[in-house]
Amino acid sequence: PAQVAACPGLGEDTAEVSVGIECFANSAAGFRAILKERYTDFVVNEIDLAGEVVHLTSLVPVVDNDINEKERLQRQRLVVPASAAAGPTVAAVSVEEAEPQRSNASIEERPAPAGAVEEEAVHCEVEADAPEVHASIDAEATAEASAAVHVRESALAEFTRLAGPAETERLSTFLALPGVLTRAPEGCKPPQPLFLGSSNDKAYRTSLHTFFSINFQLLTDTVSPPDEDESRGSTKEDLKRPKLCIRVHPKKHPKLKGHNSGGGGQGQKRSREENGETGTGWGGHQRWPSGVPNHLEFTLCKENKDTGDAIGILSRILHLKPKAFGFAGTKDKRGVTSQRITLYKVRATRLAKLTLHGMKVGNFQYVDRHLGLGDLKGNLFTLTMRGIEAGSEETVARAVDALTA
């Protein structure tokens, strides 16, 4: 390494020696320039363990598209549409009502008035077509209803293995009530929650919470059993724990448009289903999708913020603890940096909807492991030097080549 000499014309106090620099990295001729005059003059891109340079190229959470579609199809299979449930009944009544009219016409063959011949012909045409229309509606509704009934029977069979036939009978009666899985008719009071048998077995209660969340998307909580409760769930005699029961709430349905009360609904807090926070239209616990890795990995591109500050901002917005985030290393504050971050069990759609200042997130994917310090191969630095003095383009090129050699 070349020894440091005092800068000519600037005095000893301004030499590199005065700040502790004793030698240069190479013997190339030096030059003067300004570094980091702007944030974009210092760009850092992380290099991950696979050797890929991290860049922010997409802000759209496309990884959630397939997951959202699977959840939508599952909800359609679980819930019987109100029109499908009512279709067979209406069709049957219409056909039954049409038959007595035809029989009456055959019994009482009276001459029709002169002006009513055309009207009677039209009426007969409608009557003749009615059985075909009702038959098609009946077949389609029956197919949808039978598919939903099959799914529900499978779920009830699983519940029988968990809680027994007595609790299954109570649950089946509860699910059949209007307002539990489907919207209650207008003017009807919503049904009361169902209290299952009390138990001191925490593992048993946890399995019930999971069952209702996966199969019916119903909100559940653990409460003290009511005074009149006589049913009992799974009990462990060797545990001296209080007996608690699971309370199952009916599904919360968003209000229909035009049915707000109290001054047009001003000042009323909207539910998560109405304001679109979940994007699924379902209340209750939003369980992590099955078959999806537990960690969301994404690219964080920030400007004039160090990594700790950026993580703190994201954790406050998402109401999470900073330790839920994982990263391979901290990046400089004064510059534009891109690095990979992992977050435990947070959907990409939720993160992509955030409004951030001086930061952007994207390139989402789900992975199986949490990023830790040192999980990178290095960093790629892109420097912009301004106001170059005492050096030509050739001098600068030789100095850069010598530094990277």
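The values are calculated or read from the model by the stated rules, or taken from the named source; none is laboratory data. Computed from a predicted model, the values in this text were never measured in an experiment. Neighbour counts run over all protein chains shown; Cβ positions are idealised from the backbone, glycine included. Surface areas here come from the heavy atoms of the whole protein model, side chains and all, with no ligands, DNA or RNA. Shrake-Rupley method; radii C 1.70, N 1.55, O 1.52, S 1.80 Å.
Here are the numbers for this structure:
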| read-out | value |
| --- | --- |
| Given charges at Cβ of Lys, Arg, Asp, Glu: the range 288-330 dipole, positive-most of V292, N304, T330 | V292 |
| Label point distance in nm, V43-I388, each placed 7 Å from Cα along Cα→Cβ | 1.8 |
| Largest-first ordering by accessible area, 1.4 Å probe, given options I341, I21 | I21, I341 |
| Length gained when the stretch I34-H150 is fully extended (0.36 nm per residue, less Cα-Cα span) | 34.5 nm |
| Candidate residues S338, S154: accessible-area rank, largest first, probe 1.4 Å | S154, S338 |
| Accessible-area value, T384, 1.4 Å probe, nucleic acids and ligands omitted, Å² | 50 |
| Extension gain, R75 back to K321 (0.36 nm per residue minus Cα-Cα distance, nm) | 85.4 nm |
| Exposure of E153 as accessible area (Å², to 10), given a probe of 1.4 Å and all protein chains | 110 |
| Extension gain, V17 back to R241 (0.36 nm per residue minus Cα-Cα distance, nm) | 73.4 nm |
| Distance (nanometres) between label positions extended 7 Å along Cα→Cβ at N294 and T206 | 1.2 |
